[in-house]
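Comments concern the structure below.
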Amino acid sequence: MNRIDQLFQAKKDHILNIYFTAGFPNLDDTVTIIKTLDHAGADMIEIGMPYSDPMADGPTIQESGSKAIANGMTLSTLFQQLKDIRKETQIPLLFMGYLNQMMQYGVDKFLQGCTAAGIDGLIIPDLPVDIYESELKDKIAGSGLHIIFLITPQTSEDRIRKIDALAGGFIYMVSSASITGAKSGISDEQTKYFERVNAMNLKNPRLIGFGISNHQTFETACQYADGAIIGSAFIRHLGQNQNRVQEATREFVEGILEKSEA
Amino acid sequence: MNYLVDEKGFYGDFGGAFIPEMLHANIEELRNHYMGIIYDPDFQDEMQDLLKNYVGRPSPLYHAKRMSKHFGTTIYLKREDLNHTGAHKINNTIGQILLAQKLGKKRIIAETGAGQHGVATATVCALMGLECIVYMGEVDIARQAPNVSRMRMLGAEVRPATSGSKTLKDATNEAIRDWINNPTDTHYIIGSVVGPHPYPDMVARFQAIISKEMRWQLKEQTGSELPDIIIACVGGGSNAAGAYYHYLDEPDVRLIAVEAAGLGIHSGESAATSVLGSKGIIHGSRTLLMQTDDGQIVEPYSISAGLDYPGIGPMHAHLIDSGRAEAVSVTDDEALDSAFLVTRLEGIIPALESAHAFAAMDKIKYNADDTVVINLSGRGDKDLSTYIKKLDQA
């Protein structure tokens with residue numbers, strides 16, 4: 001069974017999914033960050049494939065990607081870094097990146113690389129569900145990887161149902177109309193949207209992302225979904241602690257979780 | 001073959017709308033309404049009135065006799081440089097501002113490289129009294145100061161794009177992000193035939209007036225609506241799309257797409273996308289673009305700030321890929337020489353972008369009895385400092 005499905009079977013709330021950009025702050029931090037996130041209590045990890053033009057991301061993630069590319073990060077390097085990761089950890093791992101990166105690497109070769117490394121799912125924000133269905137569904141679904149789609153407060157009910165039918169693993173519920181790292185906190189309008197989606201009885205669990213940055217927003221998000229995704233806040237923290245990545249990773253996760261349990 | 005967009009938004013294998021879910025509602029709204037709005041008779045009346053009395057259309061089709069003699073063939077210039085604001089860009093912004101009003105949008109955003117599209121957008125926003133925010137790369141703001149001042153005088157806010165390479169592609173990313181953050185009240189006026197469907201098709205339709213006029217103007221002056229050759233420069237490709245549009249299904253009319261070779265195609269400092277590019281996704285469209293082996297988008301180079309876009313519109317990718325259009329590339333130096341040649345032969349100072357189109361005359365085969373139309377997409381005022389540098393070197 002896919003590790004993402006195992007996780008959602010075993011744990012029904014407070015799932016903490018952390019995003020980091022591969023190759024940031026230093027080229028070889030990838031494995032350290034993954035292992036430390038796992039030990040510190042994260043439940044799932046999104047590994048960002050750094051991209052020159054990340055349309056859905058805000059400046060924090062874009063800058064971390066530029067730095068990672070300057071550090072020499074490529075998809076080949078990333079696969080190389082991850083070749084033995086499954087000897088170290090069984091935490092669910094997702095790749096997040098843009099379709100152009102997959103296309104240039106070669107879709108088949110990319111999917112083979114993912115399965116060989118033990119990647120469990122993909123988030124490709126500029127791959128709309130319609131094009132996934134017409135062009136890539138057979139390949140991606142056939143590879144055993146889950147494809148995770150985003151929904152927003154503007155996504156219609158029909159479209160959410162279509163996404164739910166095609167998605168695997170979970171649905172990424174974007175908390176507001178925004179890019180990553182743009183807004184903070186959760187408003188009444190947003191909670192109404194979360195409640196509306198929850199009432200739809202979707203087959204996939206939901207994680208809330210965008211605007212989750214600390215224990216408080218994590219706790220709030222967990223009231224309306226199975227868990228939440230934190231990206232930009234972690235990248236900012238790593239950026240401020242480039243020479244102590246392991247400690248910074250641990251203290252960040254502990255900060256989110258400890259305070260949420262208190 | 002069909003050279004226009006299909007019902008799914010593709011030109012052959014190119015085009016489409018590769019957009020994050022956050023943009024889906026905006027793009028869907030446009031896709032569902034643009035054709036109905038554009039071809040509504042009241043909309044057409046309003047647009048034609050503005051194009052005639054505000055922009056100054058039809059733009060002349062001028063028989064360039066001294067140039068014709070110089071090259072030994074018959075050359076006509078389509079004078080888009082005589083439009084209000086000095087380039088073809090306003091054809092599109094007039095159309096899109098009217099569309100934005102019909103959609104009930106209150107706030108306009110745009111990207112700009114050299115500043116021509118930014119000025120054309122700021123102009124129509126002033127005309128309609130709408131809020132206008134133009135994203136422009138920090139690097140471009142520094143090197144295109146006069147256009148920045150024009151936009152400000154017109155009441156637009158010019159926001160620097162400080163991410164990535166701080167040029168046109170980054171300004172486009174920033175505008176897209178603004179739209180994601182402001183999904184309901186904002187219309188994004190894209191300046192070229194790029195971006196997710198329906199933008200390439202919509203912008204091409206607004207620019208198609210160029211070739212629509214060419215047909216009757218040529219008929220009037222030569223007796224035939226059909227030239228033998230149409231030459232236009234291509235960055236994203238909006239002036240070329242307009243100049244080709246009503247000739248796409250006339251196989252006897254050769255379409256020449258002139259790209260900027262910069263310092264030379266293989267110099268590492270070039271913007272010749274059809275030669276150096278490969279299939280990929282940029283700004284929501286599957287097209288040809290310049291990128292590394294790892295799929296990172298490359299910053300192109302050209303002396304002309306209007307041609308240094310790392311992709312080309314999906315319609316052009318399809319036209320070139322299918323052999324309907326021929327791609328030609330022209331270096332900085334060739335374009336500069338051409339700009340001086342045209343200026344001295346015809347008393348017309350062309351934009352550096354358009355100078356690339358003229359330089360293609362030295363690269364293509366033609367016959368003495370051919371009729372060649374060169375789309376003179378813009379005037380050269382904005383490029384005077386570059387031209388003066390060249391004069392001082394001579």
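Filtering the range B:137-156 to residues that are open to solvent by less than 80 Å² (accessible area, probe 1.4 Å), more than 14 Å from chain A (Cβ to nearest Cβ) and in contact (Cβ under 8 Å) with a residue 12 or more places away in the chain leaves B:Val139, B:Asp140, B:Ile141, B:Gln144, B:Asn147, B:Val148, B:Met151, B:Leu154, B:Gly155, B:Ala156. Is there a residue being assigned to a helix (DSSP H, G or I) and either within 23 Å of A:Ser178 (Cα to Cα) or modelled with pLDDT under 95 (or both) anywhere in the range A:42-60? Yes, the conditions are met somewhere in the range A:42-60. Looking only at the range B:294-315, residues that are part of a strand (DSSP E or B) and at the interface with chain A (Cβ under 7 Å from one of its Cβ atoms) come to 1 in all. Looking for something part of a helix (DSSP H, G or I), touching a Lys or Arg at 6+ places or on another chain (Cβ under 8 Å), free of Cβ contacts under 8 Å to residues at least 40 places away in the same chain and open to solvent by 30 Å² or more (accessible area, probe 1.4 Å) - is there at least one such residue anywhere in the range B:270-293? Checked against the condition, which is being part of a helix (DSSP H, G or I), touching a Lys or Arg at 6+ places or on another chain (Cβ under 8 Å), free of Cβ contacts under 8 Å to residues at least 40 places away in the same chain and open to solvent by 30 Å² or more (accessible area, probe 1.4 Å), the range B:270-293 yields no hits at all.
Among the residues of the range B:33-65, those identified as hydrophobic (A, V, I, L, M, F, W, C) and over 30 Å from B:Val372 (Cβ atoms) are B:Met35, B:Ile37, B:Ile38, B:Phe43, B:Leu50.
Checking each residue of the range B:118-134 against the condition of being at pLDDT below 95 and buried (at least 18 other Cβ atoms within 10 Å of the Cβ) gives no match. I'd like to know if the range B:7-18 contains one or more residues that are of a type in the set (Ser, Thr, Tyr) and over 30 Å from B:Gly380 (Cβ atoms). Yes: the range B:7-18 contains one or more residues that are of a type in the set (Ser, Thr, Tyr) and over 30 Å from B:Gly380 (Cβ atoms). Considering the range A:28-62, the residues that are touching a Ser or Thr at 6+ places or on another chain (Cβ under 8 Å) and more than 22 Å from B:Gly295 (Cβ to Cβ) include one that is farthest from the other protein chains (Cβ to nearest Cβ), namely A:Ala40. Would you mind finding the one in B:Ala232, B:Ala208, B:Ala241 that is out of contact with any Phe, Trp or Tyr (no Cβ under 8 Å at 6 or more places or on another chain), more than 30 Å from A:Ser66 (Cβ to Cβ) and open to solvent by less than 10 Å² (accessible area, probe 1.4 Å)? Exactly one of B:Ala232, B:Ala208, B:Ala241 is out of contact with any Phe, Trp or Tyr (no Cβ under 8 Å at 6 or more places or on another chain), more than 30 Å from A:Ser66 (Cβ to Cβ) and open to solvent by less than 10 Å² (accessible area, probe 1.4 Å), namely B:Ala241. Only one of B:Ala335, B:Ala339, B:Ala357 is crowded, with 19+ Cβ neighbours inside 10 Å and touching a His at 6+ places or on another chain (Cβ under 8 Å). Can you tell me which? Result: B:Ala335 is the single residue among B:Ala335, B:Ala339, B:Ala357 that is crowded, with 19+ Cβ neighbours inside 10 Å and touching a His at 6+ places or on another chain (Cβ under 8 Å). If I filter the range B:187-205 for residues that are over 21 Å from the mean Cα position of the chain (by Cα) and within 24 Å of B:Gly311 (Cα to Cα), do I get at least one hit? No, every residue in the range B:187-205 fails to be over 21 Å from the mean Cα position of the chain (by Cα) and within 24 Å of B:Gly311 (Cα to Cα).
To keep it simple, each residue is scored yes or no on (1) under 20 Å from B:Gly12 (Cβ atoms); (2) of a type outside the set (S, T, N, Q); (3) in the same structural domain as B:Leu376 (by TED's automatic domain parsing).
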| position | (1), (2), (3) |
| --- | --- |
| B:Arg177 | no, yes, no |
| B:Thr184 | no, no, no |
| B:His187 | no, yes, no |
| B:Gly195 | yes, yes, no |
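Scanning the range A:42-79 for residues that are small (Gly, Ala, Ser) and in contact with a strand residue (DSSP E or B) (Cβ under 7 Å, 6 or more places away or on another chain) turns up A:Ala42, A:Gly48, A:Ser52, A:Ser64, A:Gly65, A:Ala68. Would you call A:Ile163 touching a residue at least 12 places away in the same chain (Cβ under 8 Å), open to solvent by less than 20 Å² (accessible area, probe 1.4 Å) and among the aliphatic types (A, V, I, L, M)? Yes: the conditions hold for A:Ile163. In this structure, is B:Ile349 open to solvent by 10 Å² or more (accessible area, probe 1.4 Å), over 16 Å from the mean Cα position of the chain (by Cα), away from chain A (no Cβ under 14 Å) and within 24 Å of B:Gln207 (Cβ to Cβ)? Yes. Looking only at the range A:151-204, count every residue that is in contact with a Ser or Thr (Cβ under 6 Å, 6 or more places away or on another chain), closer than 22 Å to A:Leu94 by Cβ and among the β-branched types (Val, Ile, Thr) and tell me the total. Within the range A:151-204, residues that are in contact with a Ser or Thr (Cβ under 6 Å, 6 or more places away or on another chain), closer than 22 Å to A:Leu94 by Cβ and among the β-branched types (Val, Ile, Thr) number 2.
The values are calculated or read from the model by the stated rules, or taken from the named source; none is laboratory data. None of the values given here were measured: they were computed from a predicted structure. Virtual Cβ from ideal backbone geometry, glycine too; neighbours counted across all protein chains shown. For accessibility, only protein heavy atoms count, side chains too; no ligands or nucleic acids. Shrake-Rupley method; radii C 1.70, N 1.55, O 1.52, S 1.80 Å.
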